[in-house]
Amino acid sequence: MQGPAIFLAQFLRDVPPYDRLETIAAWVGKLGYRGVQIPTWDPRVFDLDTAAEGAEFIRRHLIQTSPVAVDDFAGGRTDTGRNRRILGLDQA
């Protein structure tokens, strides 16, 4: 995906168009955004119980991920070992 994206959590409200994935996605699309990051903890836009039912749900809602890491935007290189230590995935 090329183009700007937005994190929806900061805009979710209990009033339209901010209360459902379909309407808030249409709203941000009109603002020029090409992608959204969906908060999985908010039932207005993500049904965690349904998602847990299996791969078919995931396939229907699969969103392309960025081809670059955050490090790449700053012109640096990715230090996978350091990142894993920071995340607690590997012991120092």
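The values are calculated or read from the model by the stated rules, or taken from the named source; none is laboratory data. Bear in mind the structure is a predicted one, so any value in this text is a computation, not a measurement. Cβ: placed from backbone, ideal geometry, glycine included. Neighbour counts: every protein chain shown.
Entry remark, region 43-70: residues being at pLDDT 75 or above and outside any helix (DSSP H, G or I) number 7 in total. Six or more apart or on different chains, Cβ under 8 Å: which pairs go from a residue in region 20-35 that's among the charged types (D, E, K, R) to one that's surrounded by fewer than 13 Cβ atoms within 10 Å (Cβ to Cβ) and part of a loop (DSSP other than H, G, I, E, B)? Could you list them? Sorted first by the residue in region 20-35, then by its partner, the pairs are Arg34/Met1; Arg34/Gln2; Arg34/Gly3; Arg34/Pro4. Taken over region 29-53, the criterion of being within 17 Å of Pro4 (Cα to Cα) and over 14 Å from the mean Cα position of the chain (by Cα) is satisfied by Gly29, Lys30, Leu31, Gly32. Would you pick out the residues in region 1-42 that are polar (S, T, N, Q), assigned to a loop (DSSP other than H, G, I, E, B) and under 17 Å from His61 (Cα atoms)? Once the filter is applied, which keeps residues that are polar (S, T, N, Q), assigned to a loop (DSSP other than H, G, I, E, B) and under 17 Å from His61 (Cα atoms), region 1-42 yields only Thr40. Considering each residue of region 71-89 in turn, none proves to be aliphatic (A, V, I, L, M), at pLDDT below 75 and not in a loop (DSSP other than H, G, I, E, B).
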